[in-house]
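Beneath this line is the structure, given in structure tokens, with notes to follow.
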Amino acid sequence: MGDLAANPDANPNRKPGKKAKAAPPPSDPKPKPEKPKRGGPGWFSGLFMTLFSVALLGLIGAVGVIVVVLFYFGRDLPDFSALSNYQPPIVTRAYASDGRLLAEFAAEKRVFVPVADVPPLVIHAFMSAEDKNFYSHKGVDPVGILRAVVDNLLHPGKRMKGASTITQQVAKNFLLKDDLASERGDKVAKFSRKIKEVILSFRIEQTLSKDKILELYLNQIYLGARSYGIAAASLEYFNKPLDQLNIEEAAFLAGLPKAPSDYDPGRHYAAALDRRDSVIANMLENEYISKEEALAAKARPITVIRRDSDQYVNHPYFAEEVRRKLDELYGEKGLYEGGLIAHTTMIPAYQKVAEEALRHGLEEYDMRHGLHSEFIAHIDIKDWQDALAKVDDPPGTGDLKAAVILETGDKEAAIGLRDGTKAVITFNKMKWARRKGESAPSKVSDLLKTGDVWLTEDSGEQDKDRPVYWLKQIPNVEGGIIVMDPHTGRVFAIAGGFSYEMSQFNRASQAIRQPGSAFKPFVYLAGLEAGFTPATLILDAPFVLDQGPGQAKWRPQNYSEDYGGPTTMRVGLEKSRNLMTIRLANYVGMDKVADICNKFGVIDNLPQMLSMAIGAGDTTLLRMVSAYSVFVNGGKKITPTIIDRIQDRDGKTIYVHDSRPCVGCGPLVPWNKQSAPDIPDMREQIADPRFMYQIISMLEGVVQRGTATSIKDIGRPVAGKTGTTNDFKDAWFIGFTPDIIVGTYVGFDEPKNLGRQESGGHVAVPIVKEFMEKALKDTPPVPFRVPEGIRLVSINPATGTRSKPEDEKTILEAFIAGTEPGDEPMMFTGEGVSTVSDVTNVGESVNTGLGGLY
């Protein structure tokens, strides 16, 4: 046994060729565990632990990455705390005095509306279109993201759908505009912006309520047609406030934010209709509307409704004046973003008539001087209406209409207009059109040829049941007109040229021109203050002013180039005598005239030269009309204004032109049959009302007997003064009744001669006359008010003495009590005013007192 144990190969039972197995080693005190079999409980436990470890490490890594991303992208994010006090840029609006809209000024045309005032229908439409889970998610909608991914995979050819929530859009539109603008196709930048958008969305949701976020969104979004926010878009597309929108209109607006230009119904109707209907379908799916409502809404077309003409007025010259004033008061930001409401002084009826009167006056002058432009196009008359539709009008045509000559003859031409209307131009309506250097046409066919396209205007006449049109051209000459309340300075109308489209320069308020003889009343006022009366005689005779060594002598003349000898001051103003005016100015002193100019606001720091006395200084029409207003209102200084009142975005009044204190006034003061409040007159008294009336009386004479007689037949008391500048470069007239004042001037932008005889009486007076006849036709005439201290005395207008029974002509003259005339003339002798017994030889005996003026 021992041998067998020592040598196992000696075992007799061992099979041949095989070695015997080695004996097992001595037993181990800690035996090795047996490896678990696959599929056993131990194996599953190990696998779970491995996966759990990997997942935990992955989660830790992901959290780490998220933390790093959040830290990296979240460190320089914009501050969103200002969103809680959101004040978006809002459109500033100006209204005419009758409440109609005049103008809107905005970088972004927006009308803010609190979310509490947004109808549920509109909210539901936008949620259905943009973010159906808005009130349930926390800023980002995972369900929406998954839905968008699946939809985009299933429909690869369609427009990619996004999954941005309303909160994300608020973050993008308010806080990430710079990032959005700098992307420009950069995918990395877009990814970076998207991460920031998500981070900001979570932060916004933690800070602001859902309603506040929705309010931000609905007021900020761009919806096309220059409209920002739902309220502005509702007005722009449907001319309705939000609470009047129906289902299909709300759905249309809700479909716009994705691509407003692509869904513009004017250019892409089919796409707009498809988008609207998809929003309606979403509203049905979200159970905001019934199936019947959805079908009815889809069956209706998209109908854009523009504002009615009775809701707004279009007067760009006045609107531009308002814009400039608001910019002056509140700056560009306040003007374009402040949401101001300006209540203007404009009376639309007056503004319309003023514009028409100015245009007609410019056209009348232009037609007197013949043709300076030719036909605007030539077309084949075979399909004349289609061909005419393709002809572009020149800028500034206004009421003028392009018409093609269809047939021409000796006495008339048949014309066709774009709308298919056929009319005629008779010889009388085109005979003015003589070409430069040629005689006037003797027959219609001399000028009008078949196929030529000319500008025309309806004359309002008929010939054999056919409308008769004028042949017209756009005038080269320009001008301005202002209508004002002389007691308050409220500007009722202002127009600065033939067409705002041609030129935005407002000649009524901005053009600096010489007023000519329209300046003379201020010289005559200086004379009245120096002791003259309207009946004082002043020598109207030629003289020469020696201007010093080496200087040519100044030889002013009267416009009429004749001389009247001793003439009353009244007649001197009525007939606009230059020589009398210069003599008077020299006596009273140009310093006194300059002082009056400063007080009345005509010209600041008037040069003290005698040529200034006859209107050689520079001023504006607005300043002249304002200064004349002082005559009308009894010597009170006024400040012209185009705005009565301004409110801020919250409706609070922040500006009032009439600053007079009023105790017991206001919208909340009840009326209990009490007397009207006594409002004090705060206007500064800058001139004696008695002198003002004397000036008015003399200016009435300008209309009755002087240089403005063409306006005297309008059937009401009118006063005024014409002005014609040197070399007929400008023609002026400022006319007024007791309660309204109208001023106008006509001239070329590059000053040049208007033509012989084109004086203020011939060019400017008809413009004021047309305005007064039309605008005041339903207003009863009122006499000028006579102040206390005035005595009306019958005098001989030639001598200025009290009238006698044998005098053929007499007038009532206004005198300050105590200055009434006697039986002998009062004459300016050069050293003062004194009586003279004989005015026939006054030129030989009176010292003119002019020194070098003789």
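The values are calculated or read from the model by the stated rules, or taken from the named source; none is laboratory data. Note that this is a predicted model, so its numbers are computed, not measured. No Cβ is skipped: glycine too gets one built from the backbone with ideal geometry, and neighbour counts run over all protein chains shown. Ligands, DNA and RNA are excluded from the accessible area calculation, which covers all protein heavy atoms including side chains. Shrake-Rupley method; radii C 1.70, N 1.55, O 1.52, S 1.80 Å.
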(message) Just the residues that are part of a loop (DSSP other than H, G, I, E, B) and under 26 Å from Ala103 (Cβ atoms), please, taken from the range 227-264.
(response) Gly229, Asn239, Lys240, Pro241, Leu245, Leu256, Pro260, Ser261, Asp264
(request) Mind listing whichever residues of the range 694-721 are under 20 Å from Glu758 (Cβ atoms), outside any helix (DSSP H, G or I) and either among the acidic types (Asp, Glu) or open to solvent by 10 Å² or more (accessible area, probe 1.4 Å) (or both)? (result) Gly706, Thr707
(request) Confirm whether Phe532 is under 30 Å from Gly479 (Cα atoms) and in contact with a helix residue (DSSP H, G or I) (Cβ under 8 Å, 6 or more places away or on another chain). (result) no
(request) Hey, could you check the range 769-783 for residues that are open to solvent by 20 Å² or more (accessible area, probe 1.4 Å) and in a loop (DSSP other than H, G, I, E, B) and say which is farthest from Phe492 (Cα to Cα)? (result) Pro783
(request) Report, by residue number, each residue of the range 106-140 that is open to solvent by less than 10 Å² (accessible area, probe 1.4 Å), charged (D, E, K, R) and within 18 Å of Lys240 (Cβ to Cβ). (result) Arg110
(message) Looking at Thr737 and the list (1) within 33 Å of the chain's Cα centre (by Cα); (2) within 25 Å of Ala616 (Cα to Cα); (3) at pLDDT 95 or above, which single condition is not satisfied?
(response) (2)
(request) Would you please list the contacts, defined by Cβ atoms under 7 Å and residues six or more apart or on different chains, that run from a residue in the range 80-107 that is closer than 29 Å to Glu205 by Cβ to a residue that is assigned to a strand (DSSP E or B) and of a type in the set (Lys, Arg)? (result) Pro88/Arg110; Pro89/Arg110; Ile90/Arg110
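Yes/no matrix, rows are residues, columns are (1) assigned to a strand (DSSP E or B); (2) without any contact (Cβ under 8 Å) to a residue 12 or more places away in the chain; (3) open to solvent by 10 Å² or more (accessible area, probe 1.4 Å); (4) under 30 Å from Asp386 (Cβ atoms):
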residue	(1), (2), (3), (4)
Gly437	no, yes, yes, no
Gln462	yes, yes, yes, yes
Asn476	no, no, yes, no
Val491	yes, no, no, no
Tyr500	no, no, yes, no
Ala518	no, no, no, no
Thr533	no, no, yes, no
(request) Tell me, please, whether a residue that is touching a strand residue (DSSP E or B) at 6+ places or on another chain (Cβ under 7 Å) and either at pLDDT 95 or above or aromatic (Phe, Trp, Tyr) (or both) can be found in the range 297-312. (result) yes
(request) Taking Pro797 as meeting all but one of (1) open to solvent by 10 Å² or more (accessible area, probe 1.4 Å); (2) modelled with pLDDT of 95 or more, write down the number of the exception. (result) (2)
(request) Find all pairs meeting these conditions: Cβ atoms under 7 angstrom apart; at least six residues apart or on different chains; first residue within the range 288-302 and acidic (Asp, Glu); second residue at pLDDT 95 or above. (result) Glu293/Ile247
(request) Report yes if some residue within the range 541-557 is farther than 29 Å from Ala814 by Cα, outside any loop (DSSP other than H, G, I, E, B) and either in contact (Cβ under 8 Å) with a residue 60 or more places away in the chain or in contact with a Ser or Thr (Cβ under 6 Å, 6 or more places away or on another chain) (or both); otherwise report no. (result) yes
(request) Mind listing whichever residues of the range 571-582 are open to solvent by 10 Å² or more (accessible area, probe 1.4 Å) and among the charged types (D, E, K, R)? (result) Lys575, Arg577
